[in-house]
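Shown next, in structure tokens, is the structure this report addresses.
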Amino acid sequence: MSGTFFGAIADDFTGATDLAAMLSRAGVPVTLRIGVPKGPETATAFEVVALKIRTIPPEDAVAEARAALKWLRGQGARRIFWKYCSTFDSTPRGNIGPVADALMSDLDVDRTVHCPAFPENGRRVFMGNLFVGDQPLDESPMKDHPLTPMRDADLQRLLQPQVQRQTGLIAFPTVRAGAGAIRDAIARQAGHVVVDAVEDADLDVIAAAISDMELVCGGSAVARPLPALWAEAGELNRGENEPAPDVSPGRIVLSGSCSAMTRAQVGAYLDAGAIGYRLDPRDLAQDGVRDARAWLAAQDPEADKIVFATAEPKVVQAAQEALGVTRAGTLVEEAMAVLAQDARAMGIGRIVVAGGETSGAVTRALDVDRLRIGPEIAPGVPWCFAGNGSALALKSGNFGAATFFADAFSLLDKGAAVAAR
Ligand code: ADP
């Protein structure tokens, strides 16, 4: 069996690495593509195409997702996964729904499932409502997200305005009744079917019920059990992963996420002695990125350091009122992109980026087109090897423990990269 079996399209870069990490836990070689590959490529069994389409206009997001689908099918992919965030990050226009609709049309399927639950990270879906920890989504810190503030927890209510097909629900009692019951319930519905999941064990059962569906939509966690199911069914060769490469020792954290967890992580890293530089979008609008670049140029490449725009909701809101949401975000992202290029020119090989959009901007600036998945620092956040002596860790805002940044570097310091599966 050669060529690609499983192809995923991710709406942002951290989401793509999160899914790739989940798949690679099964010991299957996974390649992450940054954008849709242009030239001829040697494809692996599992391909994840990272796009940056979470907050762009829906018609553009659909066009990019369709191009990714076309490439993946060209490599032979027989299972397609539309990966979005486990906190269902979207606006009333999209882009979760419009992309799912377009993929259904292109694949000619009349139903798909939506399963964002990620219990290991505290995201659970019960009776169609998404919880983050013990809070409904719309009471969680996601209500204050700079780009996709989530103001409802009911997934069908969030999805319906985004899609043309109907939405449905497979509720918890059916999930607990087992894979057969889930399969029967899916067969009775059409359109977009939201599936409850509270614990990892629920995802195992759901995965068994959906492993032969052509299109699955959701967070990365429901993909975790799939490789083993496909291998058992004889549809997949596991293959071998290569050992991880050497990575030059310089380091930096670039943090553009303002999530509650990232705020705690930035605080913990500074408390632990890292040197910090704060970026403010209003300063960037006035003076550009010159000061930040000068600061970085004066640093020891190997010292612990962080550039952060991470700020409290009130501070973010003030910048957004002064500059507009998009401009404030873009100024930060562009600054992070330039600083990442400077860091690499200084020989810094280990770059941790916090924030999905921020990760997209940085990865593009570094002109990386494919990444190999290495060891996981925290659930859903692996080190990724770029093949040019550099490694990137792309952390979605809410992921990781408070000590994530120090954890990331010590994992590579310990040489754990060699254990990349
Ligand atoms: P997350 O993974 O937490 O969602 P993202 O990087 O995807 O993080 O999104 C955060 C967005 O907020 C980015 O567009 C970033 O540029 C923007 N941003 C970061 N800091 C600030 C700030 N201080 N003021 C306004 N916007 C900011």
Item to check | Condition met for Asp110 (more than 16 Å from the ligand (Cβ to nearest atom), outside the structural domain of Asp367 (by TED's automatic domain parsing) and within 19 Å of Val193 (Cβ to Cβ)) | outcome: yes
Checklist entry - Quick one: what pairs do we get from the stretch 297-313, first residue more than 24 Å from Thr330 (Cβ to Cβ), second assigned to a loop (DSSP other than H, G, I, E, B) and open to solvent by 80 Å² or more (accessible area, probe 1.4 Å), C-beta under 8 Å, 6+ apart or different chains? => result Asp304/Ala272
Checklist entry - What is the one condition in (1) closer than 26 Å to Phe88 by Cα; (2) away from the ligand (no atom under 13 Å from the Cβ); (3) in a helix (DSSP H, G or I) that Leu296 does not satisfy? => result (1)
Checklist entry - Within the stretch 70-91, can one find any residue that is open to solvent by 30 Å² or more (accessible area, probe 1.4 Å), more than 16 Å from the ligand (Cβ to nearest atom) and closer than 30 Å to Val325 by Cβ? => result no
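Please verify whether Leu392 is in contact with a Lys or Arg (Cβ under 7 Å, 6 or more places away or on another chain) and farther than 17 Å from Ala268 by Cβ, treating the condition exactly as stated.
Criteria not met by Leu392.
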Checklist outcome for this item: Condition set more than 8 Å from the chain's Cα centre (by Cα) and assigned to a loop (DSSP other than H, G, I, E, B), scope the stretch 3-21, selection farthest from the ligand (Cβ to nearest atom): answer is Gly3
Next on the checklist: Anything in the stretch 248-276 that is assigned to a helix (DSSP H, G or I) and open to solvent by 20 Å² or more (accessible area, probe 1.4 Å)? List them, or say none.
Outcome noted: Ala260, Met261, Arg263, Ala264, Gly267, Ala268, Leu270, Asp271
Checklist entry - Name the pairs: first residue in the stretch 170-181 and on the phi < 0 side of the Ramachandran plot, second residue assigned to a strand (DSSP E or B) and open to solvent by 40 Å² or more (accessible area, probe 1.4 Å), Cβ to Cβ under 8 Å, at least 6 apart or on different chains? => result Phe172/Phe126
Next on the checklist: Residues to consider are Ile34, Ile56, Ile80; find the one that is of a type in the set (A, V, I, L, M), within 16 Å of Gly356 (Cα to Cα) and in contact with a helix residue (DSSP H, G or I) (Cβ under 7 Å, 6 or more places away or on another chain).
Outcome noted: Ile34
Next on the checklist: Anything in the stretch 283-292 that is under 28 Å from the mean Cα position of the chain (by Cα) and either surrounded by fewer than 14 Cβ atoms within 10 Å (Cβ to Cβ) or assigned to a helix (DSSP H, G or I) (or both)? List them, or say none.
Outcome noted: Leu284, Ala292
Checklist entry - Only one residue in Arg25, Arg66 is in contact (Cβ under 8 Å) with a residue 24 or more places away in the chain, open to solvent by 30 Å² or more (accessible area, probe 1.4 Å) and over 22 Å from Met104 (Cα atoms). Which one? => result Arg25
Checklist outcome for this item: When the stretch 107-136 is checked residue by residue, the ones that are in contact with a strand residue (DSSP E or B) (Cβ under 9 Å, 6 or more places away or on another chain), over 30 Å from Val332 (Cβ atoms) and open to solvent by 50 Å² or more (accessible area, probe 1.4 Å) are Asp110, Arg111, Arg124, Phe126, Met127
Checklist entry - Restricting to strands (runs of 3 or more DSSP E) lying wholly in the stretch 303-421: which have 2 or more residues that are open to solvent by 10 Å² or more (accessible area, probe 1.4 Å) and more than 9 Å from the ligand (Cβ to nearest atom)? => result 370-378
Item to check | Single unsatisfied condition, Gly76 versus (1) over 16 Å from the mean Cα position of the chain (by Cα); (2) part of a strand (DSSP E or B) | outcome: (2)
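The values are calculated or read from the model by the stated rules, or taken from the named source; none is laboratory data. This is a predicted model, so every value here is computed, not measured. FYI the Cβ positions are ideal-geometry reconstructions off the backbone, even for glycines, and counts take in every protein chain you see. Quick note on the areas: whole protein, heavy atoms, side chains included, nothing else; ligands and nucleic acids left out. Shrake-Rupley method; radii C 1.70, N 1.55, O 1.52, S 1.80 Å.
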